[in-house]
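Reading through the structure tokens given below for one structure.
The values are calculated or read from the model by the stated rules, or taken from the named source; none is laboratory data. These numbers were taken from a predicted model, which means no experiment stands behind them. Reconstructed Cβ throughout: ideal geometry from the backbone, glycine too, with neighbour counts over all protein chains shown. Areas reflect the complete protein model, heavy atoms only, side chains present, ligands, DNA and RNA absent. Shrake-Rupley method; radii C 1.70, N 1.55, O 1.52, S 1.80 Å.
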Amino acid sequence: MALKMGESYKVAVIGGGTAGLVTARELQREGHHVTIFEKASKVGGIWLYDPRVETDPLGLDPNREIVHSSLYGSLRTNLPRQAMSFLDYPFLKKEGGDDQRTFPGHQEVLRFLEDFARDFGLMELIRFGHEVIRVELVDEVNHEWVVESKTRETDSTWESKEEVFEAVVICNGVNTEPKIAEFPGRDTWPGLQMHSHSYRIPQLFENKIVVLIGSGPTAFDLVREISPLAKQLHQAIRTPGFMSIKSENYDNLWQHSMIECAHKDGKVEFQDGSVVDADVILHCTGYKYHYPFLKSDVITVDGDHVGPLYKHVFPPSLAPWLSFVGLNYRAVLFRVMELQARWVAKVLSGKAELPSQEEMASSVEKLYREMEMTGRSKRHTHRLQNGEVEYVSWLAAQTDTRLPRRWEEISFNTVIKQVLYCGEDYRDAWDVDKWIQEIHSSN
Ligand code: FAD
């Protein structure tokens, strides 16, 4: 499926975070007419730290006011800044800047994204304070999409507006809608339960017995931050057959298997039989895909997975007029988003070609079948990790992009290896510049 070369379209980009900004830049480079809808008053998305927390700390109430960012006050990146650079726009340490660290604090990432937006003239394309509430295909033949957005008129009133676009790219982020652990007794347990989305500072946990569920990067950051204050910390880890152990690194940390059930008297029982009398359960259990504005019978969103999507980006029957950028995880994400954005932009301008709708649909079916045969859960559809290098190479080939030499040696898997080698203090212990020099000097 090839479009006419050099054609330009009126494209709506939903979201002004990393994915939205890099998408707008690539679309603009290809000569498209871009409007970015951003519900916040600034760019940055998740990197725009917000000290507010939601009224429902588990995020279950559908009528709660959503706080977009999931960052905690102390957050430093979990990738070195070299792995959060764009191809021709490196995330450099700013001369005289406040944060010269290789794994900087979140404010430094926001500064980088703001510079990126300013340097490429993206600010002028953004409608700040515009929350998209409906995206709907209204004319299939002419691929006309209505994008309805609302803006605040007064403290209590909103104004909404409809506009028509020829293509829409969805970049609304995947780290805002909490996914919480399921276990019997969860909803009647009397203590405080919250999701890490609503965690900002550790003081709330002072002298408390805390059960923390999860074993991803946020879970380990929060173990480190909470343990000096908490009375006891019990980490529940989803590894079958895991038996309780006392951590060697912390005086007050025990690691357990998953929660078996929570009792009305406040006790929490783990699958390995151990029991604690806890005050707080903190769910560090990730996020759900969520597109409340998308009116489409074609796309299924089940929280853990969005589909059908050809190569995580295009729904075959709506391609290339609808696309998603930034759905993946466990990868060097800025690079993936940049290449996905470039692919979308080049497909629209006729410089990259998509297979037929049938071929795309059968490629998605093939992926689902392979996942089923190898016992890989559908909830891991968008997890790249071992497939990262292949996927990035594929995107680069589609977009005629020359990647830097030895780029594949800076991937999620190689970074994780170094993190495990350096231990908990990896952000300060790991000499990343030396590591990169060694990569480049080896044959
Ligand atoms: P977001 O940054 O979430 O941006 C989405 C934007 O869309 C927001 O500005 C939002 O306001 C807007 N929006 C949403 N809905 C609407 C709507 N209806 N209408 C209008 N606008 C809307 N990645 C790394 O590379 N390195 C890290 O160290 C790292 N650390 C992380 C730590 C945490 C705790 C979390 C949660 C994630 C981390 N990530 C990290 C992943 C990070 O989320 C991605 O790297 C990336 O920044 C996501 O960009 P995005 O544009 O897809 O989403």
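When the chain is treated as a GNM with alpha-carbon contacts under 10 Å, the residue of Ser296, Ser149, Ser69 showing the greatest mean-square fluctuation is Ser296. Annotation: lysines with alpha-carbon distance below 27 angstrom to Lys311 (same-chain offsets under eight excluded): Lys4, Lys10, Lys179, Lys288, Lys295, Lys346, Lys351, Lys366, Lys378, Lys417.
Computed about its Cα centre, the charge dipole of the stretch 149-218 is approximately 420 debye, with only Lys, Arg, Asp and Glu carrying charge at their Cβ.
Overall shape: oblate for the stretch 321-381, with the ratio a/c of the largest to smallest alpha carbon gyration tensor axis at 1.5 or above and b/c at least equal to a/b. FRET efficiency for the pair Asp425 and Gln203, taken as 1/(1 + (r/R0)^6) with r the Cβ-Cβ distance and R0 = 30 Å, rounds to 0.85. For the stretch 252-300, the spherically averaged projection of the C-alpha convex hull amounts to 6.0 nm².
Residue-normalised convex hull volume from the C-alpha trace of the stretch 118-227: 246 Å³ per residue.
Charge tally around Asn328: other residues with Cβ under 14 Å, Lys/Arg +1 each, Asp/Glu -1 each, net +1.
Placing one equal scatterer on every Cα of the stretch 15-78 and applying the Debye formula, the log10 ratio I(q)/I(0) at q = 0.29 Å⁻¹ is -1.21.
Among Asn175, Val147, Ser196, which residue has its Cα furthest toward the positive end of the charge dipole of the stretch 120-199, with +1 on Lys/Arg Cβ and -1 on Asp/Glu Cβ? Towards the positive end, the residue furthest out is Ser196. According to the square roots a ≥ b ≥ c of the eigenvalues of the Cα gyration tensor, what is the shape class of the stretch 282-426, taking rounded for a/c under 1.5, prolate for a/b larger than b/c otherwise, and oblate for the remainder? Here the stretch 282-426 falls in the oblate category. For the chain, the relative contact order is 18 percent, taking Cα pairs closer than 8 Å that sit 6 or more residues apart in sequence and dividing their mean separation by the residue count.
Remark: accessible surface ordering of Cys422, Cys171 (largest first) is Cys422, Cys171, probe radius 1.4 Å.
Could you please state, rounded to a whole Å, how far the C-alpha centre of the stretch 312-368 is from the C-alpha centre of the stretch 118-132? Centre-to-centre distance over Cα atoms comes out at 24 Å. In the stretch 14-165, Cα pairs under 8 Å separated by at least six residues give a relative contact order of 23 percent. Note on the stretch 1-127: Rg/Rh from Cα positions, Kirkwood definition for Rh, rounded to two decimals, is 1.03. The residues of the stretch 15-82 expose, per residue, 38 Å² of accessible area to a 1.4 Å probe. For Lys288, the residues whose modelled amide H falls within less than 5 Å of its own, excluding neighbours fewer than 5 places apart on the same chain, are Thr176, Glu177, Lys179.
For the chain, with all protein chains in place and a probe radius of 1.4 Å, 49% of the accessible heavy-atom surface sits on carbon or sulfur. Between amide H atoms placed 1.01 Å from N, distances below 5 Å from Lys10 occur with His33, Glu166, Ala167, all of them 5 or more places distant or on a separate chain. Ordering Tyr9, Leu110, Phe37 by Cα displacement along the dipole of the stretch 1-157 toward the positive end leaves Leu110 in first place; charges were set at the Cβ atoms of Lys, Arg (+1) and Asp, Glu (-1). The mean accessible area for residues of the stretch 248-312, using a 1.4 Å probe and ignoring ligands and nucleic acids, is 46 Å² per residue. Counting every pair of alpha carbons in the chain, the share spaced more than 32 Å apart comes to 42 percent. Between Ser349, Ser156, Ser70, the residue with the greatest mean-square fluctuation in the GNM of the chain (Cα pairs under 10 Å linked by springs) is Ser156. With N counted as the residues of the stretch 220-284, its alpha-carbon radius of gyration over 2.2 N^0.38 Å works out to 1.06. Out of Lys179, Lys288, Lys267, any idea which swings most in a Gaussian network model of the chain, alpha carbons joined below 10 Å? Checking each option, the largest mean-square fluctuation is seen for Lys267. Summary value for the stretch 241-381: 13 percent relative contact order, contacts being C-alpha pairs under 8 angstrom separated by 6+ residues. Among 121-133, 303-315, the peptide with the highest mean count of other Cβ atoms within 10 Å heads the list, and the full ranking is 303-315, 121-133. The figure for Arg52 is an accessible area of roughly 120 square angstrom, using a 1.4 Å probe on the protein chains alone.
Over every Cα atom in the stretch 198-338, the radius of gyration and the widest Cα-Cα span, Dmax, amount to 19.5, 56 Å. Spacing of the modelled spin labels on Ser441 and Gln385, each 7 Å from Cα toward Cβ, amounts to 3.4 nm.
With a cut-off of 14 Å between beta carbons, the residues surrounding Arg379 carry a summed charge of +3, where Lys and Arg count +1 and Asp and Glu -1. Converting phi to 3J(HN,Hα) with the Karplus coefficients 6.51, -1.76 and 1.60 and the offset θ = phi - 60°, the stretch 41-50 yields 9, 9, 7, x, x, 4, 7, 8, 4, 10 Hz in sequence order, with x at every glycine or proline.
If R0 equals 41 Å, the separation of the Cβ atoms of Ser247 and Asp50 corresponds to a calculated FRET efficiency of about 0.85.
Rounded to the nearest 20 debye, the dipole magnitude of the chain is 660 debye, with +1 charges on Lys and Arg beta carbons, -1 on Asp and Glu beta carbons, and the Cα centre as origin. Protection proxy ranking of 358-366, 100-108, by the mean of other Cβ atoms within 10 Å over each peptide's residues and highest first, is 100-108, 358-366.
Classify the stretch 356-440: rounded, prolate or oblate, from the alpha-carbon gyration tensor (a ≥ b ≥ c, eigenvalue square roots; a/c under 1.5 rounded; otherwise prolate if a/b is larger than b/c)? Cα axes put the stretch 356-440 in the oblate bin. Set the Förster radius R0 to 22 Å, insert the Cβ-Cβ distance between Glu359 and Ala397 as r into 1/(1 + (r/R0)^6), and round the FRET efficiency to 0.05. About 0.85, to the nearest 0.05.
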